[in-house]
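Peer 1: Structure provided below as structure tokens; questions to follow.
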Amino acid sequence: KLATTGAIQQAASAGVQGWRNAGHAKAEVEGQKVIARHAEAKLDAEIDLTPGPRLRFGKMIIKGDTDVRHRSIEKIAGFPAGEVYSPEKIQKVGTRLRRTGTFNVVSIEERDTPNPDGTLDFDATFEDLPKRRLTFGAEIASRDGVDVTATWTHRNVFRRAERLRFEAAVRN
């Protein structure tokens with residue numbers, strides 16, 4: 001293939017991602033050696049990867065200014081403590097938390113250094129959406145007349161990331 005720095009970077013990234021998918025959360029590029037052989041129009045690249053230890057999920061430490069109870073966040077997240085590290089599992093935790101519709105920001109970041117027992121802790125930071133939302137809508141149609149709608153939503157009523165919603169509509 002055509003020798004480009006992009007191809008070399010993609011190969012290095014794929015190698016690191018492969019190690020991460022196998023449970024080595026701290027895999028990284030340790031070194032590289034690139035030699036250009038101009039006379040032959042070839043490029044030799046040697047990339048050294050350090051996989052680091054195979055890690056398990058540790059604790060999820062909740063940070064940020066949120067009114068949702070920490071126990072409720074833990075239940076919703078389903079954090080896989082004790083299981084082998086997997087980027088896919090941590091992505092699912094973030095998706096479950098975002099789907100509640102309670103948070104404006106959900107950030108889950110792995111700590112820089114693993115614990116001595118082979119676990120890796122994560123910092124979870126949250127920022128709540130406004131507690132209440134009121135919406136109005138109106139439509140005018142020559143055949144159907146006027147439609148007026150309104151909704152009132154209250155997020156986090158009992159501090160468990162739930163929603164209470166009332167809808168009203170007047171048609172024709």
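The values are calculated or read from the model by the stated rules, or taken from the named source; none is laboratory data. These figures come from a predicted structure and were not determined experimentally. No Cβ is skipped: glycine too gets one built from the backbone with ideal geometry, and neighbour counts run over all protein chains shown. The area values use the complete protein model at the heavy-atom level, side chains included, leaving out ligands, DNA and RNA. Shrake-Rupley method; radii C 1.70, N 1.55, O 1.52, S 1.80 Å.
Peer 1: Look at G145 and say whether it is touching a Lys or Arg at 6+ places or on another chain (Cβ under 7 Å) and either among the β-branched types (V, I, T) or farther than 17 Å from A25 by Cα (or both).
Peer 2: Spelling it out, it is not the case that G145 is touching a Lys or Arg at 6+ places or on another chain (Cβ under 7 Å) and either among the β-branched types (V, I, T) or farther than 17 Å from A25 by Cα (or both).
Peer 1: Name the residue that is farthest from I90 (Cα to Cα), counting only residues in the range 32-59 that are of a type in the set (A, V, I, L, M) and in contact with a Ser or Thr (Cβ under 9 Å, 6 or more places away or on another chain).
Peer 2: That would be L43.
Peer 1: Quick check on the range 32-41. Is at least one of its residues free of Cβ contacts under 8 Å to residues at least 40 places away in the same chain, in contact with a His (Cβ under 9 Å, 6 or more places away or on another chain), open to solvent by less than 80 Å² (accessible area, probe 1.4 Å) and not hydroxyl-bearing (S, T, Y)?
Peer 2: Checked against the condition, which is being free of Cβ contacts under 8 Å to residues at least 40 places away in the same chain, in contact with a His (Cβ under 9 Å, 6 or more places away or on another chain), open to solvent by less than 80 Å² (accessible area, probe 1.4 Å) and not hydroxyl-bearing (S, T, Y), the range 32-41 yields no hits at all.
Peer 1: Filter the range 1-31 down to the residues that are within 30 Å of P116 (Cα to Cα), open to solvent by 80 Å² or more (accessible area, probe 1.4 Å) and either at pLDDT below 95 or not polar (S, T, N, Q) (or both) and list them by number.
Peer 2: Those that are within 30 Å of P116 (Cα to Cα), open to solvent by 80 Å² or more (accessible area, probe 1.4 Å) and either at pLDDT below 95 or not polar (S, T, N, Q) (or both): W19, E28, E30.
Peer 1: Cβ-Cβ distance below 9 Å, separation of 6 or more or different chains: which pairs start in the range 1-17 with a residue that is under 19 Å from R37 (Cβ atoms) and end on one that is of a type outside the set (A, V, I, L, M) and modelled with pLDDT under 90?
Peer 2: Going by the 9 Å Cβ cut-off, the qualifying pairs are A3/K42; A7/K1.
Listed here are the residues, each with its yes/no results for (1) among the basic types (K, R); (2) open to solvent by less than 100 Å² (accessible area, probe 1.4 Å); (3) in contact (Cβ under 8 Å) with a residue 40 or more places away in the chain.
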{"site": "P114", "(1), (2), (3)": "no, yes, yes"}
{"site": "G118", "(1), (2), (3)": "no, yes, yes"}
{"site": "D128", "(1), (2), (3)": "no, yes, yes"}
{"site": "T135", "(1), (2), (3)": "no, yes, no"}
{"site": "I140", "(1), (2), (3)": "no, no, no"}
{"site": "D144", "(1), (2), (3)": "no, yes, no"}
{"site": "D147", "(1), (2), (3)": "no, yes, no"}
{"site": "H154", "(1), (2), (3)": "no, yes, no"}
{"site": "R165", "(1), (2), (3)": "yes, no, no"}
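Peer 1: If you don't mind, there's one more thing I want to ask. For the range 39-69, how many residues meet the condition of being touching a Gly at 6+ places or on another chain (Cβ under 8 Å) and closer than 13 Å to A124 by Cβ?
Peer 2: 1
Peer 1: Restricting attention to the range 57-72, does a residue exist that is closer than 29 Å to G15 by Cα, surrounded by 15 or more Cβ atoms within 10 Å (Cβ to Cβ) and in contact with a Leu (Cβ under 9 Å, 6 or more places away or on another chain)?
Peer 2: Yes, because at least one residue in the range 57-72 is closer than 29 Å to G15 by Cα, surrounded by 15 or more Cβ atoms within 10 Å (Cβ to Cβ) and in contact with a Leu (Cβ under 9 Å, 6 or more places away or on another chain).
Peer 1: Being free of Cβ contacts under 8 Å to residues at least 12 places away in the same chain and either within 14 Å of the chain's Cα centre (by Cα) or closer than 30 Å to R132 by Cα (or both) is the filter here, so list the residues in the range 43-91 that pass it.
Peer 2: Result: H70, R71, K75, Q91.
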